[in-house]
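See structure below.
The values are calculated or read from the model by the stated rules, or taken from the named source; none is laboratory data. Model, not experiment: these values are computed from the prediction. Cβ: placed from backbone, ideal geometry, glycine included. Neighbour counts: every protein chain shown. Each accessible area value is taken on the protein alone, full model and side chains, heavy atoms only, with ligands, DNA and RNA left out. Shrake-Rupley method; radii C 1.70, N 1.55, O 1.52, S 1.80 Å.
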Amino acid sequence: MAAAAAVSVADVSKKENKRAGGVDWPSNPMVTPLLTDLYQFTMAYAYWKAGKHQERAVFDLYFRRNPFGGEYTVFAGLEECIKLIANFRFTEDDISFIRSSLPPSCEVGFFDYLRNIDCSDVELYAISEGFVVFPKIPLVRIEGPVAVVQLLETALVNLINYASLVATNAARHRFVAGKSKLLIEYGLRRAQGPDGGVGASKYCYMGGFDATSNVTAGKLYGIPLRGTLSHAFVSSFLRSHILGGIFLETNRSELAAFTSYALAFPKNFVALVDTYDVMKSGIPNFCAVALALNDLGYKALGIRLDSGDLAYLSRESRSIFQAIEKELRVPNFGKITITASNDLNEETIDALNKQGHEVDLFGIGTHLVTCYAQPALGVVFKLVEINNQPRIKLSEDISKVSIPCKKRCYRLYGKEGYPLVDIMTRENELPPKVGERILCRHPFTESKRAYVVPQRVEELMKCFWPGRSGKDREELLPIKQIREQCMKQLEQMRPDHMRRLNPTPYKVSVSAKLYDFIHSLWLNEAPVGELQ
C-alpha cells in the first residue's frame with residue numbers, strides 16, 4: 001500500500017508540475033539532476049561554503065569545430081534541456097546519495113540548500129532547434145545562480161552533444177542522397193544501447209530522414225514507421241512440393257516465403273531478394289508473386305537489396321520490372337520501389353550516385369546512429385560573465401580562447417537570400433540594420449575582416465526559459481515542425497558551404513566593439529612574462 005501511495009503521489013506531483021510549468025518531464029527517465037559529474041557537486045559545495053553560490057553567472061554552450069569534415073551543424077536537443085530545467089528538483093533519495101558520495105566533512109546546511117533549489121531563478125536563451133549553426137556562436141546562453149547553473153552543465157552538454165551530432169549526420173546523408181529519395185533509419189540494433197537507439201531515431205528524423213524501424217521512437221515521437229522482413233523469414237521456409245517444377249532455377253523455399261508474406265500483407269508486400277541469389281532467384285520469385293497479386297487486384301510495393309553490387313543489381317532489377325510492364329502490360333510495374341541497405345554511409349551513397357543506380361529508398365543504420373565517422377561534437381560550456389563582470393578563458397591554443405560577456409547573435413543575409421555571416425555583439429550594442437554597412441571581424445585574427453551590408457537581419461537567440469524575469473517564453477515546436485524548419489534552413493544555405501568535399505568555411509564574426517573588448521580583456525588577464 002505504501003509503495004502504491006508513493007507512486008500515486010509521484011504521479012500527482014508530475015501532473016501538477018506540468019500544469020505549473022507547461023513543460024513535460026524528460027523523455028528519458030535517466031535525465032535527472034543526478035545526470036552530472038561529481039565535480040559539479042564538489043564545486044557547488046565550495047561555492048556554498050564561500051558564500052558565492054547565489055552570485056549571478058552567465059555561461060555559453062557552444063562547439064569549436066563542425067563535425068564530419070563539413071562546414072555546418074544542425075542544432076538539436078533543446079527540448080530535452082528545457083524539460084530538465086523545468087523539472088529540476090532533488091528528491092530525498094538523491095540528497096542521501098549525494099551526501100554519501102561527498103566527503104563526511106561537508107556541512108549539513110549544504111544539503112538543506114540542495115533540498116530547496118530549482119531553476120526558477122535561471123534564464124535560458126537559445127537558437128531554435130533544427131537551425132543550422134556554426135562554431136563559436138552560443139547555441140545556448142544560460143544565466144542564474146552560479147552553483148545551480150554548474151549543476152546543469154554536464155546534463156545540458158550531454159543532451160545537446162549527441163543530438164546535434166546525429167541530426168547533422170542525418171542531414172549530411174539527406175544531402176548526398178538528394179531530395180527525391182526516401183531515407184529510413186534502421187539503426188536500433190547497432191546503436192549504443194536503448195537510449196542511443198531511441199535518441200538516434202528522433203534526431204535522424206529531425207535531420208531529414210523520412211521514417212524509422214524503431215517502434216518505441218514511433219510511439220514516443222510520432223515518427224512514421226517502415227520495415228520489411230529479414231533473411232530469417234525467407235530461409236525459415238522449406239521447399240514446397242506444390243511449387244516444384246514451376247521455376248527450375250529459383251529457390252523454391254524462397255518462393256514459398258514470398259507467397260506466405262504476400263498472403264499476410266497483400267497491400268504491403270516488400271520482398272528481401274538477396275537471401276540466395278538476387279538475379280537468378282530473388283527477382284524472378286518476387287515478380288511471380290507480384291504478378292499474382294496484381295491479378296488479384298493488389299499492387300506489390302517493392303524489393304530490398306541488402307548485399308552485392310547495389311548499383312548493378314538495382315539497374316538490372318529496374319530493367320526487368322520495366323520489361324514486364326511493357327510486355328505484359330502491367331501498369332506501373334516498372335516503378336516498383338527498390339530499397340537498398342547493407343551498411344550504407346555518405347561515401348557509399350555518393351559512390352552509387354556516381355555509378356548510376358535505380359534505388360528509390362535507402363535504409364541506413366550503423367554509420368548513421370553511431371556517428372561512425374566522428375564520435376562526438378565537442379560541445380563546451382564556458383563562464384563568460386559573473387556579477388556583471390566579463391570573464392575570459394585563455395589558452396595557448398587560440399581555438400580554445402572563449403569569447404567573454406553576455407552577447408547577442410545575428411545572422412546577416414545577402415541579396416541572393418543566402419546567409420553571409422553570423423555576428424556576435426555585446427548585449428547593449430545597437431543591432432545591425434538592413435541596408436547599413438557593418439564591419440565584421442574575426443574574433444582573434446586582426447587581418448580577417450569585412451564590411452557587410454545585410455539585406456535581412458535575423459536575431460538567433462530567443463528566450464526559452466525566462467525564470468522570474470517576466471519575459472515572454474518561446475514555445476517549443478512539435479518534432480515535425482522542427483524537421484520542416486531544419487529542411488528550410490538547409491535549403492537556404494549556399495551550396496559551396498554544403499558540399500561534401502572542400503566546403504567553403506562559413507564566416508563567424510564579432511562586431512568591432514566586441515573585438516576591441518575581447519583583446520583589451522585578453523591583455524588585462526594574461527600574465528606578463530619577465531626576462532632574466
Open item on the list: Taking the Cα of Ala526, stepping 7 Å toward and past its beta carbon, and measuring to each backbone N in segment 447-464: which are under 19 Å?
Closed with: 447-449
Task: Pairwise FRET efficiency - Asp472 versus Thr337, Cβ, R0 = 41 Å, nearest 0.05 - done: 0.35
TODO: Determine ³J(HN,Hα), in whole Hz, for all residues of segment 267-277 in sequence, where each value follows from phi through the Karplus function 6.51 cos²θ - 1.76 cosθ + 1.60 and θ = phi - 60°; x replaces Gly and Pro.
DONE: 8, 9, 7, 10, 10, 8, 9, 10, 5, 10, 7
- [ ] Please work out the FRET efficiency for the pair Ala351 and Ser105, using the Cβ-Cβ distance as r and a Förster radius of 41 Å; give the result to the nearest 0.05.
- [x] 0.10
- [ ] Work out, in µm²/s and without decimals, the Stokes-Einstein translational diffusion coefficient of the chain at 37 °C, 0.692 mPa s, Rh from Kirkwood over C-alpha pairs.
- [x] 124
- [ ] Considering the convex hull of the alpha carbon atoms of segment 480-532, report its projected area averaged over all viewing directions, in nm², one decimal.
- [x] 8.0
- [ ] Report, by chain and number, residues whose modeled amide H sits under 5 Å from the one on Ala271, excluding near sequence neighbours (fewer than 5 apart, same chain).
- [x] Gly302, Ile303, Arg304
Task: Karplus-derived 3J(HN,Hα), 6.51/-1.76/1.60, for each residue of segment 390-395, Hz, glycine and proline x - done: x, 10, 10, 9, 9, 7
Task: Given Lys354/Lys448; Lys354/Lys507; Lys406/Lys433; Lys179/Lys448, the pairs whose alpha carbons are separated by over 29 Å - done: Lys354/Lys448; Lys354/Lys507; Lys179/Lys448
- [ ] Could you work out how far the C-alpha centroid of segment 54-99 sits from that of segment 144-197, in angstrom?
- [x] 14
TODO: Specify which residue in the list Tyr205, Gly414, Ala170 is farthest towards the positive end of the charge dipole of the chain, using unit charges on the beta carbon of Lys, Arg (+1) and Asp, Glu (-1), about the Cα centre.
DONE: Gly414
Task: Solvent-accessible heavy-atom area per residue, rounded to whole Å², over the chain at 1.4 Å - done: 48
- [ ] Between Glu446 and Leu34, with labels modelled 7 Å along Cα→Cβ, what's the label distance in nm to one decimal, could you check?
- [x] 5.4
- [ ] Measure nothing fancy, just the Cα-based angle from helix 2-21's long axis to the longest principal axis of the chain, in degrees from 0 to 90, nearest 10.
- [x] 80
TODO: With a point put 7 Å past each Cα toward its Cβ, work out how far Glu427 is from Arg189 in nm, to one decimal.
DONE: 5.2
Task: Set Lys299/Lys480; Lys382/Lys462; Lys83/Lys202; Lys400/Lys513 screened for pairs whose C-alpha atoms are more than 25 Å apart - done: Lys299/Lys480
TODO: Choose one of Pro26, Leu263, Ala147: the residue whose Cα lies farthest towards the positive end of the charge dipole of the chain (beta-carbon charges +1 Lys, Arg; -1 Asp, Glu; about the Cα centre).
DONE: Leu263
Open item on the list: What's the magnitude of the charge dipole for segment 392-532 around its Cα centre, counting Lys and Arg as +1 and Asp and Glu as -1 at the beta-carbon? Answer in Debye, nearest 20.
Closed with: 440
Task: In degrees, nearest ten, helix 283-295 long axis to first principal axis of the chain (Cα) - done: 80
Task: Only Lys, Arg (+1) and Asp, Glu (-1) charged, at Cβ; the chain dipole about Cα centre in debye - done: 1020
TODO: Please give the calculated 222 nm ellipticity per residue for the chain, where each DSSP H segment of at least 4 residues contributes -39500 (n - 2.57) and the sum is spread over every residue; nearest 500 deg cm²/dmol?
DONE: -12000 deg cm²/dmol
- [ ] Would you list which aspartates and glutamates come within 17 Å of Lys49, measuring only between C-alpha atoms, while excluding same-chain residues fewer than 8 positions from it?
- [x] Glu107, Asp112
Open item on the list: For segment 306-334 and segment 429-502, what is the centre-to-centre distance using only Cα atoms, to the nearest Å?
Closed with: 46
- [ ] Give the peptides 60-68, 422-430, 218-226 in descending order of average Cβ contacts within 10 Å, highest first.
- [x] 60-68, 422-430, 218-226
TODO: Keeping the other protein chains in place, figure out the carbon and sulfur percent of the accessible area of the chain, with a 1.4 Å probe.
DONE: 53
Task: Mean Cα-pair separation over length for the chain, i.e. relative contact order, pairs under 8 Å, 6 or more apart, % - done: 18
- [ ] Determine ³J(HN,Hα), in whole Hz, for all residues of segment 74-80 in sequence, where each value follows from phi through the Karplus function 6.51 cos²θ - 1.76 cosθ + 1.60 and θ = phi - 60°; x replaces Gly and Pro.
- [x] 9, 7, 8, x, 4, 4, 5
TODO: Scan segment 101-197 for GluC sites (Glu not before Pro) in coil per DSSP, keeping those whose Cβ has at most 14 other Cβ atoms within 10 Å, and list them by number.
DONE: Glu107
Task: Amide H contacts of Val384 (H built 1.01 Å from N, under 5 Å, at least 5 apart or other chain) - done: Val58, Phe59, Asp60
Open item on the list: On C-alpha positions alone, give me the angle between the axis of helix 146-177 and the longest principal axis of the chain, in degrees, nearest 10.
Closed with: 30
- [ ] Taking a cut-off of 18 Å between Cα atoms, list the aspartates and glutamates near Lys471, but don't count ones fewer than 8 places away on the same chain.
- [x] Asp121, Glu123, Glu143, Glu427, Glu459
Task: Of Ala340, Ser469, Val457, farthest towards positive along the dipole that unit charges on Lys, Arg, Asp, Glu beta carbons give the chain - done: Val457
